[in-house]
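The values are calculated or read from the model by the stated rules, or taken from the named source; none is laboratory data. Worth saying up front: this structure is predicted, and the values here are computed from it rather than measured. Virtual Cβ from ideal backbone geometry, glycine too; neighbours counted across all protein chains shown. Each accessible area value is taken on the protein alone, full model and side chains, heavy atoms only, with ligands, DNA and RNA left out. Shrake-Rupley method; radii C 1.70, N 1.55, O 1.52, S 1.80 Å.
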Amino acid sequence: MPSVETMVSFMEQIANDDSHGYSQFHRTGPDYDCSSLVGRALEKGGFDSSVNETTRTLYNTLMRNGFYLVDVNGSRERGDVFLSVGHHVAVCVDANRLVHASIDENGTIIGATSGDQTGKEICIRSFYSHPWDYHFRYGKEESTPTPSAPNYTIGNEYTLQANMCVRTGASTNFRMKAHSELTADGKAHDTDKNGCLEKGTRVTCKNIIRNGSDIWMQIPSGYVAAYYNGVKYVSDEAVKEPSNTEEVSKPIDTPNKTDHNYVIGNTYTLQSNMAVRTGAGTNFRAKSHNELTEDGKAHDTDKNGCLEKGTRVTCKNIIRNGSDIWMQIPSGYIAAYCNGVEYIK
């Protein structure tokens, strides 16, 4: 009979044995990456799985083996599996800690030297939000309520509902920040120095970025997932009383009305031929001609996926990444102001 306890005990044993380290290039033992470790642990626990699992196959594997979905922001138990598809997977050892294969000794995925050189390549650590796409539990399914989508207001202060990693941009495609990259106040709310702000930290909302149904919040230290995959990670109840224990924003540097002050709903003109991307950043891929709207295709006569200079576009949303400004238009995302250059007026 499958055993969650055997699965978790195996992962704890691996984490406590420095002969096992992290590697995506040699991931079948003695070194593992996050998904191959979970796949092997499931196999050791008697589940139908293998060391060849990836974060893109584990959803089906877990569901096939009798795991069911739980509210990502709900209570946690030993053996619960947290999955971010295409990114990461970890397993709870109790309600407050998880075990996972994290990163190699150089902060990369290679694992040039076998074994754990840092003591943190495969480790047990405090629970944090990646954020996670799915929360799995083995056994009989329980019904859980689905929270309604929250509303946030720029300038208000809110409270984190879980330990939250801080990213360099508004999606899981952007990397997680290190402790040293947080603001001084952010560092004070990251006592284990892993780059994650602790549950209960109060943060100031500097900007709101909507990616589909997900909501990302820009705070002084970076970006956190406020509402992700139907789970509310940042309370939408604004904090009314002042406090000395919050990550408070310094005055926000906002452009003058004559300097890149774009308004949602207004129409603007491209100042050069512009690539259209799938998200707000150069790390998102450029779209092809066939992925543009019909009107977008009409302004891409050479069919290379770029809208031509002079094309008029409607602003659907504004996303600020540092000093750069990205604009969501009907066909996708374009750089309105990037590296000091204004591409849209």
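Here are a few things to note about the model shown:
- Residue list for region 54-96, filter: open to solvent by 10 Å² or more (accessible area, probe 1.4 Å) and in a strand (DSSP E or B): 68, 69, 70, 88
- When residues of region 312-345 are limited to those that are of a type in the set (Phe, Trp, Tyr) and assigned to a strand (DSSP E or B), the one most open to solvent (accessible area, probe 1.4 Å): 337
- Matching residues, region 173-199, being farther than 13 Å from residue 220 by Cβ, open to solvent by 60 Å² or more (accessible area, probe 1.4 Å) and of a type outside the set (Asp, Glu): 173, 175, 176, 180, 191, 193, 199
- Checked against (1) crowded, with 17+ Cβ neighbours inside 10 Å; (2) at pLDDT 95 or above; (3) touching a Pro at 6+ places or on another chain (Cβ under 9 Å); (4) not basic (Lys, Arg), residue 4 passes all but condition (3).
- Selection count, region 198-217, where residues are closer than 16 Å to residue 130 by Cα and part of a strand (DSSP E or B): 4
- Here residue 150 qualifies as in a loop (DSSP other than H, G, I, E, B) and touching an Asp or Glu at 6+ places or on another chain (Cβ under 6 Å).
- Hey, residue 213 touching a Phe, Trp or Tyr at 6+ places or on another chain (Cβ under 9 Å), over 16 Å from residue 160 (Cα atoms) and open to solvent by 20 Å² or more (accessible area, probe 1.4 Å) or not: yes
- Any chance residue 228 is at pLDDT 90 or above and open to solvent by less than 80 Å² (accessible area, probe 1.4 Å): no
- Tally, over region 25-53, of residues that are in contact (Cβ under 8 Å) with a residue 24 or more places away in the chain and either open to solvent by less than 40 Å² (accessible area, probe 1.4 Å) or closer than 15 Å to residue 11 by Cβ (or both): 18
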